[in-house]
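Novice: Questions regarding the structure given below will be posed in turn.
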Amino acid sequence: MHVWTIASLSVHRYWKISRPVTSRFKDTASRARLAILIMLILALLFRLPLFLVELQLKWKPMFRIGRRVETTELLSPYRIVYHSFLDPVLSNFLPFIWMSAFSILTLCEIIKSRHFSYMKFSFDGNDGSFKKIYSNQPLTFLRRRADCIRQRQEFRATISIVLIIVLYLLFHSLQLYNVVRKWQLLLQKKCPTRTDYIQSHIANVLSLLSCSVNAFVFIAFTNRIRSYVQMLIRKTSRSLSNSSDPPHSPKTITSVDPMLVGQNSSDSAFL
């Protein structure tokens, strides 16, 4: 499901950059939860044959879950259609094509923008120039400031798009090779070797690592994660500075209770 999540995030990013005004009002948390719920339901429906066709329940002599030999071990039409065609295409090739297509479209939208150059806004360093621009043409200054902020966001989006594609190829290239290798063995009517099984397990591990890495790349270039990291740094530095301070010396507590003061004075007079 994580590959389709990455593909849907690519579509969402293209929509945010190509339609900034519309997405600002329609991009809500409820729509995001609905999209995630729809993807989860579709993923469960796609994996439903694994539970209905491949597994069987046995109650005698005891309850256990077993596998059907005719669907998991023999080269049946079900295995050829589901595991050799539908699963590789819908889990590997189609999400990669989807993600690459919308990432390229996003890059094209960024390049076509008339304010793409980040160094276009070269303001003077003195405060008088800012005050002069703001006092004479406040709308122009605010518009240019908003465009400058948008340029930074588009620049970070460009970096994240390139990283996503590179990391996807890095973590999933072996899995794509295994799919091509499986089709080659089916056409040649040969059995997989020990090396093929080892490569398949390594590809599964790399795919699991890709789940966490890609999610971090999507949020690493946002202002929210930067503010969160700065807050963690401030809290850590504050706690370290407090722990490194020397312990305070004990202070003498002077009582202001009149009964105790009178008792002390009478004792001193008696002595």
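Novice: Just one of the numbered conditions (1) over 30 Å from L187 (Cα atoms); (2) not in a helix (DSSP H, G or I) is not true of H12; which one?
Specialist: The single condition H12 does not satisfy is (2).
Novice: Checking V89 against (1) farther than 21 Å from W183 by Cβ; (2) within 27 Å of the chain's Cα centre (by Cα); (3) of a type in the set (V, I, T), only one condition comes out false. Which one?
Specialist: (1)
Novice: For a quick check of your reading: which helices (runs of 4 or more DSSP H) sit entirely within region 65-184 and have at least 2 residues that are modelled with pLDDT under 85, within 28 Å of T195 (Cβ to Cβ) and not hydrophobic (A, V, I, L, M, F, W, C)?
Specialist: The helices (runs of 4 or more DSSP H) meeting that bar are 69-72.
Novice: Name the residue, out of S30, S23, that is part of a helix (DSSP H, G or I) and either touching a strand residue (DSSP E or B) at 6+ places or on another chain (Cβ under 6 Å) or surrounded by fewer than 13 Cβ atoms within 10 Å (Cβ to Cβ) (or both).
Specialist: Details: S23 fails: either touching a strand residue (DSSP E or B) at 6+ places or on another chain (Cβ under 6 Å) or surrounded by fewer than 13 Cβ atoms within 10 Å (Cβ to Cβ) (or both).
One residue alone meets the criteria, S30.
Novice: Might you let me know whether region 46-60 holds any residue that is under 27 Å from V180 (Cα atoms), in a loop (DSSP other than H, G, I, E, B) and among the hydrophobic types (A, V, I, L, M, F, W, C)?
Specialist: Yes, because at least one residue in region 46-60 is under 27 Å from V180 (Cα atoms), in a loop (DSSP other than H, G, I, E, B) and among the hydrophobic types (A, V, I, L, M, F, W, C).
Novice: Could you please tell me which pairs satisfy a Cβ distance under 8 Å, a separation of 6+ or placement on different chains, a first residue in region 73-90 that is touching a residue at least 24 places away in the same chain (Cβ under 8 Å) and surrounded by 15 or more Cβ atoms within 10 Å (Cβ to Cβ), and a second residue that is part of a helix (DSSP H, G or I) and of a type in the set (K, R)?
Specialist: Taking only residues 6 or more apart or on different chains, the pairs are S84/K182; P88/K182.
The values are calculated or read from the model by the stated rules, or taken from the named source; none is laboratory data. Computed from a prediction, not measured in an experiment: that's the story for all the values here. Reconstructed Cβ throughout: ideal geometry from the backbone, glycine too, with neighbour counts over all protein chains shown.
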